[in-house]
Every structure is written in C-alpha cells, then in structure tokens.
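Novice: I have a structure I would like to understand better, so I am pasting it below and will then ask my questions one at a time.
The values are calculated or read from the model by the stated rules, or taken from the named source; none is laboratory data. Note that this is a predicted model, so its numbers are computed, not measured. Don't worry about glycine lacking a Cβ; one is built from the backbone with ideal geometry, like all the others, and counts go over all protein chains shown. In case anyone asks, the SASA skips ligands and DNA or RNA and just uses the protein heavy atoms, side chains included. Shrake-Rupley method; radii C 1.70, N 1.55, O 1.52, S 1.80 Å.
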Amino acid sequence: MRHDLPLMAEYILLEPTYSRARLEQHILDETLAAGVDATDSHRSLARLDVDQVWTTNYDPLIERADPAALVLSSDDDVRLIGTARKTIIKLHGSINPNGPNPAWADPPVITRSDFETYEDQHRRLWALLRASYLSKTLLFLGFSFADANIEILQRLARRHGTAARDRHITVLKTPDGSSTDDLRRHNLKVRDLESSGVLVHEVAEYEDLPLLLTELVRRTRPPRLFISGSKAEDDYDRVCAEMANALADRT
C-alpha cells in the first residue's frame, strides 16, 4: 500500500484527529520547504514549440520557467484556452507561492475519492484531457502511469481504436538489473503501454533526460534563415549549397 499514495491519503482522513485542511496544509508546507527552483529541464520545456503542457504537479516550477504561458488549473479557466499562447494545464491543483502567505490557487487532488470523482468534479478539464489524449500526440516525462485518470484514458484508447503504436511517447528508465523480477515487471509494463498506444523510449539514467530534452528542442526549432550581402553568382550557389547541407545535418 505504501506505493498507493491516494489510498494512504484516504486512510489518513479516516483518522478522527486529522482533517482535510491539515493534510492540504502539510503538502503545501512540505512542497514549499523543499526550496527547489526551475531546472534546465524546465527551461527546455519552455523552449519546446508545443501549444499545451499538461502536469499533475502542484508546484509552480514549469510556469516559473515559462512566465509568458497561460496557466489553467480549474474548470473555470478552461474558457480561456484557444489563445496563441502556450498553455500549462495543471490537472491536480496548483500552488500560488506569491504573497506573504502562500496558499493553494486551486485545491489539490489527493485521495482515492478525489480520483474516483474527478470526472464529475472537473468536467471541463476532464473533457479537455480526454480530447487531447484521443486526438493529439503526447510526450510523457517523469510519469509513472499509475495515475487513475490516465488509466481511464488508456482504456478509452483501446475501446475506440485509437491505440496506434505511435500515438504517444514516454521516456522510462530501465531497472538497474539487480533484480530479475524488477526487470520482468518493467518489460511487461513496456509491452502493456505499447499495446495501449504509448511508444516507450528507454534511458539508462535519469541524468539522460536533460540531454534528451535539449536535443528535442534543437530538432524542433522552426527554421530561420537571414542572408544579407552580395557575392559572385558561382560563389552564391556554392554558399547556398553548403548552408543547405549544414541545415540538413542538424535535422
């Protein structure tokens, strides 16, 4: 049960001396006390040419790295989507760290009951997530696929025939190899994900992720070329050919 955090939270709230407000305050305090700032990976995410970034994290690190992005964290916010700005969509609540007393900008999704009633309590966010999952290509980073919402979406993908092998992509770390059972479970998880439309890219270490993101940013940058000056016609043709070859090598 120690790996089922929503169930643990559900049990905690069954204690007569523990309230929902106390649990939310504890999560808020612990998150802010960590004192973590945006990393190079967060900044790489900000440079990616995508229109939506989905996250189940409460912390404000992604929006700190991309302050120009629009942040959605409640059903009422969904009406703002559709602008030219990149949108950061926070599915499970959001912390507002500003001001003398940091607080929840939107209440967190914590317990098993929160997940079970998510579709009813967050109808617009759920509809937007469902539409994006079934129609777009999503890249999952740092995600365990234990989230109940994603499990529902995987079932929908299987049911509606949208589980194409290359529909979505995820990056997973391979086990260290110390346990045969761990490796077997990992391989079965990969097979299950790929059967539900999530192509798995495996990395040896978590430290590989920043390099992978940097390369992804480089490969997805829109091409830009500005030429000024004059040359003899034969030199001009040669220079253009060299630049074309250089650009081809970088893609």
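Novice: Using a Förster distance of 25 angstrom, determine the FRET efficiency expected from the C-beta separation of residue 12 and residue 151, and round it to 0.05. Could the numbers behind the result be given before it?
Specialist: Values: r = 23 Å, r/R0 = 0.91.
Calculated value: 0.65.
Novice: Over the range 53-105, with every protein chain in place, what whole percent of the accessible area is carbon and sulfur at 1.4 Å, could you tell me? Could the numbers behind the result be given before it?
Specialist: Numbers: 1240 of 2500 Å².
Looking at the range 53-105 in its full context, I get 49 percent from C and S.
Novice: What number, in percent, do you get for the relative contact order of the range 70-114 if the mean sequence gap of Cα pairs under 8 Å and at least 6 apart is divided by its residue count? Kindly include the intermediate steps, with their values, before the conclusion.
Specialist: Working: 49 pairs, mean separation 14.6, N = 45.
Result for the range 70-114 is 32 percent.
Novice: Continuing with this model, one more query. Taking 8 Å as the Cα distance limit and 6 or more residues as the minimum spacing, I'd like the relative contact order of the range 75-185 as a percentage. Could you put the intermediate results ahead of the total?
Specialist: On the way: 69 pairs, mean separation 21.0, N = 111.
Over the range 75-185, the number comes to 19 percent.
Novice: Then there is this: By its C-alpha gyration tensor, with a ≥ b ≥ c as the square roots of the eigenvalues, how is the range 1-118 shaped: rounded for a/c under 1.5, else prolate for a/b larger than b/c, else oblate?
Specialist: On the way: a/c = 2.03, a/b = 1.68, b/c = 1.21.
Judged from the Cα gyration tensor, the range 1-118 comes out prolate (a/c at least 1.5, a/b above b/c).
Novice: Quick one: of the DSSP bridges fully inside the range 121-220, what percent are antiparallel, nearest 5? Intermediate values should be presented prior to the final figure.
Specialist: Details: 0 of 8 bridges.
Close to 0 percent.
Novice: By per-residue mean of other Cβ atoms within 10 Å, what is the highest-first order of 15-24, 41-50? Please report the intermediate quantities before stating the final value.
Specialist: Details: 15-24: 11.3, 41-50: 17.2.
The most tightly packed comes first, giving 41-50, 15-24.
Novice: Need the full-extension length gain, residue 211 to residue 22, defined as separation in residues times 0.36 nm minus the C-alpha distance. One decimal, nm. Don't skip to the answer; put the middle values down first.
Specialist: Working: separation 189, 0.36 × 189 = 68.04 nm, distance 3.95 nm.
Answer, rounded to one decimal: 64.1 nm.
Novice: Quick one: compute the contact order of the range 1-156, relative version, from alpha carbon pairs under 8 angstrom and 6+ residues apart, as a percent.
Specialist: On the way: 159 pairs, mean separation 31.9, N = 156.
The normalised contact order for the range 1-156 reaches 20 percent.
Novice: Positive end of the charge dipole of the range 55-101 (Lys, Arg +1 and Asp, Glu -1 on Cβ, about the Cα centre): tell me which of 68, 55, 94 has its Cα farthest that way.
Specialist: In the range 55-101, that residue is 68.
Novice: Averaged per residue, what accessible surface does the range 1-62 expose to a 1.4 Å probe, in Å²?
Specialist: So the range 1-62 comes to 65 Å² accessible per residue, rounded to a whole number.
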